[in-house]
Each structure stands twice: as structure tokens, then as C-alpha cells.
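Q: The structure is given below, and queries will be raised subsequently.
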Ligand SMILES: Cc1ncc(COP(=O)(O)O)c(C=O)c1O
Ligand SMILES: [Zn+2]
């Protein structure tokens with residue numbers, strides 16, 4: 001059933017000037033189908049020619065010695081390229097002009113823990129608002145950029161719910177490539193400005209994200225899209241691997257230890273599936289001890305196709321028409337939805353959703369308790385964490401990491417009305433009169 005969505009897409013290769021078999025993407029060995037295991041050489045393709053299943057990167061990690069690898073990572077740069085030996089990028093990637101995202105803060109959130117009834121020292125926020133364009137999307141774009149370079153693409157593109165558009169625009173500017181990105185026409189001003197400021201072309205599409213994505217799939221098959229690398233479509237297998245770095249960093253920052261529970265936002269579901277892949281790789285490589293962990297997915301109620309399927313016990317994700325302030329997560333037909341269901345069920349986690357009101361309350365709660373101003377996606381994960389604890393699904397005595405994947409300055413509308421405590425004359429009397437002394 002899960003192949004149905006992809007079956008409508010042609011298995012497309014975009015013509016580039018480079019022979020795909022000659023590319024150097026480090027430890028990446030081939031592309032492998034998630035459904036049937038069919039392998040093809042590295043190239044700008046994303047769907048299996050046998051069964052239309054999604055392709056992902058297969059690696060050859062066999063030469064690595066665990067302790068040597070750990071030392072190499074620890075001696076690496078304070079960005080995602082410390083994990084270059086585990087990513088589809090050439091060994092010299094750190095020397096190329098790029099945004100060098102990652103190695104963001106893992107904040108021990110004791111005040112938030114206190115409010116949520118979690119044991120002191122057990123709750124952490126992985127704060128990815130600290131990336132160059134203020135969202136986790138810089139991680140995934142950094143991988144796609146290397147693939148675009150390797151395959152000889154001259155224009156970087158994407159369909160975006162907002163954050164990705166900014167990340168692509170900035171990465172292309174740094175790399176000296178053209179960018180042309182597509183977004184729904186009605187996004188938040190902060191996202192639109194962030195996407196436009198880097199000088200690339202920004203196109204608003206009259207429709208929602210799913211319409212934008214469909215349009216991009218058509219453009220890829222058209223001569224007008226020749227030479228274009230769509231980071232989340234024809235470069236998706238490479239792009240998706242960037243989210244593994246969240247898992248790597250969390251474990252390394254915890255002292256090379258798996259968290260017990262992790263709460264991840266869901267739009268397409270790609271990030272959640274790759275966080276799981278990253279954790280599993282660390283176990284297989286011997287970099288962390290193998291112990292059970294649970295992955296929880298978080299959605300806004302106004303766009304909750306995956307949590308709806310999870311709660312109903314379904315394997316199939318039925319598309320929804322999004323209507324939520326959490327616009328960065330507003331994907332009504334999530335490509336990786338069925339895989340998210342598998343992971344939540346396999347690990348003993350869950351997928352939950354919260355109302356827009358709960359999202360706003362959670363943004364304010366995180367800001368008030370930890371000094372972290374999250375965008376609406378962060379409000380979704382914190383709000384869902386609160387709900388999961390209240391419902392007894394998340395254990396407050398275990399080490400839990402909540403992802404904040406974006407910056408609140410991009411979604412100011414969500415907290416409109418937050419402002420001055422008082423306006424006073426510049427006198428002490430006036431200050432006292434306002435009850436502030
Ligand atoms: C801030 C933020 N968090 C999380 C996500 C979810 O990403 P995915 O599509 O990988 O599920 C997005 C996607 O746009 C996002 O912008
Ligand atoms: Zn296949």
C-alpha cells in the first residue's frame with residue numbers, strides 16, 4: 001500500500017553533465033530500495049525502477065575500527081562534517097564553501113522538566129534553531145548540495161513549507177549556484193523574507209505544500225527542469241541523510257549514549273525516519289551501547305495524518321487538507337508516513353498531536369522556562385511531550401530529548417499579542433505607579 005503514492009511518479013533521472021558512476025560521495029556505495037532492496041549506482045534518482053519504492057543510501061562502513069572512528073569524529077570540526085565518514089559526502093567536504101551547520105546545543109532543560117513533572121537532569125532540548133538559517137533544514141541541504149555538486153547540477157531547488165526554501169537559498173549563495181525555490185503563496189512573512197534575502201528566485205504557488213510538491217515533480221520531468229537539483233525530490237536520498245546528524249550529535253553530547261526517549265516533529269516524516277537510522281548506525285558501529293529507545297512523533301491537530309493513522313491502528317496514512325498555524329509541518333500527504341508508523345510501533349513510542357492553542361502555550365512555556373524561542377514546530381514537540389507525559393505514554397523518569405527544529409523569530413504571528421508589560425514615563429514615580437517596583 002505504501003508504494004501507491006510513489007507509483008504515480010515516474011522513475012526519473014535528470015540529465016546532468018556528470019557520469020553518476022564517477023562521483024565521489026565518500027562512504028556512500030549505492031542506492032538501495034527501502035521496499036525490495038534493489039540496488040542501483042549512485043545518481044540523481046529517488047524511486048526504485050522495480051517497485052517504485054523510495055531509494056536510500058547504502059554505505060560501506062566495513063573498514064571502520066570503532067575506537068579510531070570515535071577519535072576521528074571527536075577531533076573533527078564543530079559542525080556536521082565531524083560525521084563525514086558516515087555521510088554521503090567526499091572526505092574533503094569541510095574545506096568547501098558551505099554553511100557548515102550542526103553541532104547545535106543540547107540544553108539540559110531542568111526548569112521545563114520541573115513544569116512537566118520530569119526528573120531533574122533527565123530532560124533535554126536539542127536546539128536546532130542555532131543553525132545558519134535557523135532551522136534543522138541546513139543539515140539536509142548540506143548533504144544535497146554535495147550531491148548536486150557531484151552530479152553537476154547548476155540550479156538548486158526545492159518544494160518547501162518555508163524553512164527549506166531559506167536553507168536552499170543560503171546554501172546556493174555560499175556555493176555560488178543559482179537557486180529557484182517554490183513555496184505555498186501564503187507563508188509567514190519571516191519565512192518568506194528568509195527565503196528571498198539570499199538573492200535566489202522565490203516562487204509562491206497558489207495552493208498548499210502538496211500542490212507545490214506535485215508541481216515540482218512535474219517540473220523535474222520537463223525540459224524546463226533540466227540541470228536542476230531538487231534537494232527534496234530528485235536528490236532526496238542524499239538530503240534525507242542529513243537528519244542522521246541530529247541523532248549522532250545527541251548521542252555524542254550525551255557522552256556516547258542513546259537517549260531513552262526522543263520526540264521528533266513530523267512533516268513528511270523524513271527527519272524521524274533518519275533519526276532512527278542514525279541511532280541504529282551508531283549501535284551497529286559500536287559507538288553506543290545497544291539498549292532500547294522509543295521514538296515519538298509530533299504533529300499539529302490541524303495536519304495530523306500520521307497521528308490519526310497511529311491512533312486508529314492503521315498502516316496506511318490517509319491524506320488530509322492542512323489547517324494549522326504550524327505551517328512548517330503542514331504536509332497533508334507525508335511521503336514517509338508509513339515508515340514513521342513502523343518506527344513508532346517497533347520502538348514502543350507513539351505519534352500524538354496538539355491543537356494550535358496548545359502549540360502557542362508550549363512555545364511560551366519553553367521560552368519562559370529555558371530561554372529558548374521556538375517556532376511553531378518546536379511548540380508542537382514540546383506540547384506533544386507534555387501531553388504524552390500526562391497520558392502516561394512517555395516515562396518522566398527516563399532520559400528524554402525533545403527536538404526544537406526552528407526559530408520563533410520566523411513565526412512571530414503565532415505569538416502575536418506578546419509584548420510590553422507597561423508603557424511608562426521615564427520617571428521613578430511612573431515606574432512605581434505601574435506596580436513594577
Ligand atoms: C522546523 C521544521 N521542523 C520539522 C520539519 C519536519 O521535517 P520532515 O519533512 O523531515 O518530517 C520541518 C519540515 O519542513 C520543519 O520546517
Ligand atoms: Zn524496489
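The values are calculated or read from the model by the stated rules, or taken from the named source; none is laboratory data. A quick note: this is a predicted structure, and the numbers were derived from the prediction, not measured. A quick note on method: Cβ atoms are made from the backbone with ideal geometry, for glycine too, and the neighbour counts reach across all protein chains shown.
Q: Which condition from (1) closer than 17 Å to residue 191 by Cβ; (2) more than 23 Å from the chain's Cα centre (by Cα); (3) modelled with pLDDT of 95 or more is the one that residue 406 breaks?
A: Every condition holds for residue 406 apart from (2).
Yes/no matrix, rows are residues, columns are (1) surrounded by fewer than 18 Cβ atoms within 10 Å (Cβ to Cβ); (2) within 18 Å of residue 230 (Cβ to Cβ); (3) within 18 Å of the chain's Cα centre (by Cα):
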| residue | (1), (2), (3) |
| --- | --- |
| 80 | no, no, yes |
| 88 | no, yes, yes |
| 92 | yes, no, no |
| 99 | no, no, yes |
| 113 | no, no, no |
| 119 | yes, no, no |
| 143 | no, yes, yes |
| 176 | yes, no, no |
| 180 | no, yes, no |
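Q: Could you list, in sequence order, all residues of region 203-247 that are closer than 18 Å to residue 269 by Cα, in contact with a strand residue (DSSP E or B) (Cβ under 8 Å, 6 or more places away or on another chain) and surrounded by fewer than 21 Cβ atoms within 10 Å (Cβ to Cβ)?
A: Correct list: 211 only.
Q: Within region 133-161, can you find the residues that are farther than 15 Å from residue 102 by Cα and touching a strand residue (DSSP E or B) at 6+ places or on another chain (Cβ under 6 Å)?
A: Listed by number, the residues that qualify are 148, 153, 155, 156, 157, 158, 159, 160.
Q: Exactly one condition in (1) surrounded by fewer than 16 Cβ atoms within 10 Å (Cβ to Cβ); (2) more than 14 Å from residue 248 (Cβ to Cβ); (3) touching a helix residue (DSSP H, G or I) at 6+ places or on another chain (Cβ under 8 Å) is false for residue 67; which is it?
A: With (1) surrounded by fewer than 16 Cβ atoms within 10 Å (Cβ to Cβ); (2) more than 14 Å from residue 248 (Cβ to Cβ); (3) touching a helix residue (DSSP H, G or I) at 6+ places or on another chain (Cβ under 8 Å) applied to residue 67, the lone miss is (3).
Q: Between residues in region 164-182 that are under 11 Å from residue 199 (Cβ atoms) and residues that are in a helix (DSSP H, G or I), which pairs lie under 6 Å by C-beta distance while being six or more apart or on different chains?
A: Note: pairs meeting the criteria are 169/195; 179/168; 179/169; 179/172.
Q: Same structure, new question: Can you tell me which residue in region 305-344 is farthest from ligand 2 (Cβ to nearest atom), limited to those that are buried (at least 24 other Cβ atoms within 10 Å of the Cβ) and closer than 13 Å to residue 354 by Cβ?
A: Once the filter is applied, the top-ranked residue is 326.
Q: Among 68, 49, 56, which is more than 16 Å from ligand 2 (Cβ to nearest atom) and at negative phi?
A: When all the criteria are applied, what remains is 68.
Q: Would you call residue 187 over 30 Å from residue 398 (Cβ atoms), at pLDDT below 95, buried (at least 19 other Cβ atoms within 10 Å of the Cβ) and within 21 Å of the chain's Cα centre (by Cα)?
A: Here the answer is yes, as residue 187 does meet what is asked.
Q: Can you name the helices (runs of 4 or more DSSP H) wholly within region 335-437 that have at least 3 residues being touching a helix residue (DSSP H, G or I) at 6+ places or on another chain (Cβ under 9 Å)? Steps first, answer last, please.
A: Working: elements: 337-347, 356-370, 376-390, 428-433.
Result: 337-347, 356-370, 376-390.
Q: Which fully enclosed strands (runs of 3 or more DSSP E) of region 84-189 have 1 or more residues being within 29 Å of residue 362 (Cβ to Cβ) and away from ligand 1 (no atom under 14 Å from the Cβ)?
A: 105-108, 123-127
Q: Filter region 238-256 down to the residues that are in contact with a helix residue (DSSP H, G or I) (Cβ under 7 Å, 6 or more places away or on another chain) and without any contact (Cβ under 8 Å) to a residue 40 or more places away in the chain, then identify the one that is nearest to ligand 1 (Cβ to nearest atom).
A: Taking the candidates together, the pick is 247.
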